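The values are calculated or read from the model by the stated rules, or taken from the named source; none is laboratory data. All values reported here derive from a predicted model rather than from experimental measurement. Backbone-built Cβ (ideal geometry, glycine too); neighbour counts: all protein chains shown. Ligands, DNA and RNA are stripped out before the accessible areas are found, and what is left, the full protein with its side chains, is counted by its heavy atoms. Shrake-Rupley method; radii C 1.70, N 1.55, O 1.52, S 1.80 Å.
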Amino acid sequence: MYRELNRFKVEDVDVLIKHIGGYPGNYDFSVRSTLFANPPQLFVAGHSHILRVKYDRTLGLLHINPGAAGIQGWHKDRTLVRLTIDGREFKDLEVITLGSHSTH
């Protein structure tokens with residue numbers, strides 16, 4: 001339904017989203033050249049179901065893996081990340097837990 005790689009602006013922030021994208025120090029091969037050639041300010045990637053928010057000093061970008069919000073998978077807690085983008089500034093970042101689910 002959606003392109004594999006989505007790039008757009010929110011306020012003055014360049015955002016890149018890819019389902020399987022890896023994380024700082026271990027980016028997925030499929031997105032590595034894009035990230036290094038023209039890094040966004042915000043990179044959102046998932047797939048691992050591991051909640052992670054990390055600033056990549058090498059590329060100067062904020063990486064967010066929001067965890068997992070669905071009911072399928074091995075994760076116990078369903079999570080998402082919310083933040084405010086004000087111009088070029090990120091603020092008020094919070095992790096929201098939607099609740100647990102049983103894997104059985």
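Tabulated results
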quantity	calculated
Residue 9 open to solvent by 80 Å² or more (accessible area, probe 1.4 Å) and at pLDDT 90 or above	yes
Selected residue (criterion: least open to solvent (accessible area, probe 1.4 Å)) from residues of the range 35-48 that are modelled with pLDDT under 95 and not hydrophobic (A, V, I, L, M, F, W, C)	46
Selection count where residues are out of contact with any strand residue (DSSP E or B) (no Cβ under 6 Å at 6 or more places or on another chain) and either modelled with pLDDT of 95 or more or in a strand (DSSP E or B) (or both), scope the range 12-22	3
